[in-house]
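A.B. asks: Before I ask anything, here is the structure I am working with.
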Amino acid sequence: MSIDLQERITRWRQTGADRRAANAAANLDRQPAFPGRWVSGISLIVGPTLIMVGTLLRSQFYFFVPYQLHAYSQHPTLITAAYACFALGFVLLWPAVMTLAQRISATNPLWGMWGGCLVMIGLFTRTFQFGTDHFAFHLTDVLGLQTMLDGIDGYYDAWRETLWHPFKTMSGPAFFGWVVLAIGAYRSGALGLGRSIALGLMSALALGPLKGTEPQSFLAVGGLCLAFIPLGVSLLRNGPAPTRRAMIWVVVLIAVHVLMTGFGPRG
């Protein structure tokens, strides 16, 4: 190896170390002002975990649309659980994305802003599409499998012919937002090179109604877990335990939620 190449590698490593040190110093004792350390930490851990659970539960079935409806007609509880975990994981992911964007913004504000905004727009897009999944599954119970297969074919044809729809234009951020966020995480030093690349793999996750687990899904979701879960554990460890008053409020809110879930529809 030439001396010039060795010097370049050394300089590159030193620059990376300086960048990570600067980001660590900027985030030292800097807790997320909103939504807070505990919400952010739990989101970083639970969100990717639920997405992986949903990915695993439906992995035994072929990913293409008709096969997903066939799978639901034969295993309704399993498929419902899989899609619910997958969708809930993305809903719970917004505090995690916001937390990473804030850490990036400590040293690279523009990368943090654009990466965070694009990814969160993508989260809304996936939530919108889950509504189509949920509706299609329950209509299968009412109208029958063949009717819904014909209906979904018509839906996809109509969607392709639609010239403009707000959620159709958001497909780009759902894919490329993760790449922007990953580049920002690396450039700012918020994440190392390996975990930044792992985070960028989320751009390989399929998008669209009734899309099951594809071969690259495990690569994408596994990368998300590798990037986010250690950050969540670190965030929860580096700070005081919740106060007794906070725990009481958590119990009260959970109880209210359970009561509203059980009696709300009847009311």
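Where a number appears in this text, it was derived from the coordinates with a stated rule and is not lab data. Since the structure is predicted, the reported quantities are computational estimates derived from the model, not experimental observations. All Cβ positions, glycine included, derive from the backbone under ideal geometry; neighbour counts span all protein chains shown.
A.B. asks: Only Cα pairs within less than 10 Å get springs; with that Gaussian network setup on the chain, which residue of Ile197, Ile152, Ile248 has the largest fluctuation?
C.D. replies: Comparing Ile197, Ile152, Ile248 in a Gaussian network model of the chain, the most mobile one is Ile248.
A.B. asks: Counting other C-beta atoms within 10 Å, which of Thr243, Thr140 has the fewest, and how do the rest follow?
C.D. replies: On the way: Thr243 9, Thr140 21.
Final ranking by Cβ density, sparse to dense: Thr243, Thr140.
A.B. asks: Give, as a single signed number, the net charge of other residues whose beta carbon lies under 15 Å from the beta carbon of Asp133, with Lys and Arg counted +1 and Asp and Glu -1.
C.D. replies: Numbers: positive: Arg58, Arg126, Lys211; negative: Asp141.
So the surrounding residues net to +2.
A.B. asks: What's the center-to-center distance, using Cα atoms, between segment 103-140 and segment 159-188 in Å?
C.D. replies: Centre-to-centre distance over Cα atoms comes out at 9 Å.
A.B. asks: Something else: Which distance in nm do the two modelled labels at Phe218 and Met247 give, with both placed 7 Å along the Cα-to-Cβ direction?
C.D. replies: 3.9
A.B. asks: Which of the three applies to segment 124-267, rounded, prolate or oblate, going by the alpha-carbon gyration tensor with a ≥ b ≥ c and a/c under 1.5 meaning rounded?
C.D. replies: Working: a/c = 2.55, a/b = 1.19, b/c = 2.15.
Note, shape of segment 124-267 comes out oblate.
A.B. asks: How much length is gained if the chain between Phe64 and Asp18 is pulled fully straight, taking 0.36 nm per residue apart and subtracting their Cα-Cα distance, in nm to one decimal? If you can, show how the numbers build up before the last one.
C.D. replies: Numbers: separation 46, 0.36 × 46 = 16.56 nm, distance 4.63 nm.
The span from Phe64 to Asp18 would gain 11.9 nm if fully extended.
A.B. asks: Okay, moving on. Apply the Karplus curve 6.51 cos²θ - 1.76 cosθ + 1.60, θ = phi - 60°, to the phi angles in segment 121-133 and return the couplings in whole Hz, x for Gly and Pro.
C.D. replies: So the Karplus estimates, Gly and Pro as x, are 4, x, 5, 5, 4, 5, 5, 4, 5, 5, x, 5, 4 Hz.
A.B. asks: Can you tell me, using C-alpha contacts under 8 Å and at least 6 residues apart, the relative contact order of segment 3-263 as a whole percent? Walk me through the numbers on the way to the answer.
C.D. replies: Details: 347 pairs, mean separation 70.6, N = 261.
It comes to 27 percent, rounded to a whole number.
A.B. asks: Which entry in [x] 20.5; [y] 18.5; [z] 19.2 is this structure's computed Kirkwood radius over Cα pairs in Å?
C.D. replies: Recomputing Kirkwood radius over Cα pairs in Å here picks out [x].
A.B. asks: With θ set to phi - 60° and the Karplus curve 6.51 cos²θ - 1.76 cosθ + 1.60, what are the ³J(HN,Hα) couplings of segment 194-210 in order, to the nearest whole Hz, using x for Gly and Pro?
C.D. replies: Values, residue by residue: x, 6, 5, 4, 4, 5, x, 5, 4, 5, 8, 6, 4, 10, x, x, 6 Hz.
A.B. asks: Per residue of segment 96-113, what does 6.51 cos²θ - 1.76 cosθ + 1.60 with θ = phi - 60° give for ³J(HN,Hα)? Whole Hz please, x for Gly and Pro, Karplus curve as stated.
C.D. replies: Per-residue couplings from phi come out as 5, 5, 4, 5, 5, 4, 5, 5, 5, 5, 4, 10, 9, x, 5, 5, x, 5 Hz.
A.B. asks: What FRET efficiency comes out for the pair Ser234/Lys168, r = Cβ-Cβ distance, R0 = 35 Å, nearest 0.05? The partial results should precede the final answer.
C.D. replies: Details: r = 38 Å, r/R0 = 1.08.
Efficiency at R0 = 35 Å is approximately 0.40.
A.B. asks: Additional query: Using the alpha-carbon atoms, what tilt in degrees (0 to 90, nearest 10) does helix 65-74 show relative to the longest principal axis of the chain?
C.D. replies: 60
A.B. asks: So which residue, out of Ala206, Ala241, Ala101, gets the largest mean-square fluctuation from a GNM of the chain using Cα contacts under 10 Å as springs?
C.D. replies: Ala241
A.B. asks: Next question, about the same structure. Okay, helix-only estimate at 222 nm for the chain: each DSSP H run of n ≥ 4 adds -39500 (n - 2.57), divide by all residues, round to 500 deg cm²/dmol; what do you get?
C.D. replies: Working: 11 runs with 202 residues, N = 267.
Computed ellipticity for the chain at 222 nm equals -25500 deg cm²/dmol.
A.B. asks: Here's another thing I want to ask about it. For segment 39-144, calculate the relative contact order in percent as a whole number, restricting contacts to Cα pairs under 8 Å that are 6 or more residues apart. Intermediate values should be presented prior to the final figure.
C.D. replies: Values: 99 pairs, mean separation 32.8, N = 106.
Rounded, it is 31 percent for segment 39-144.
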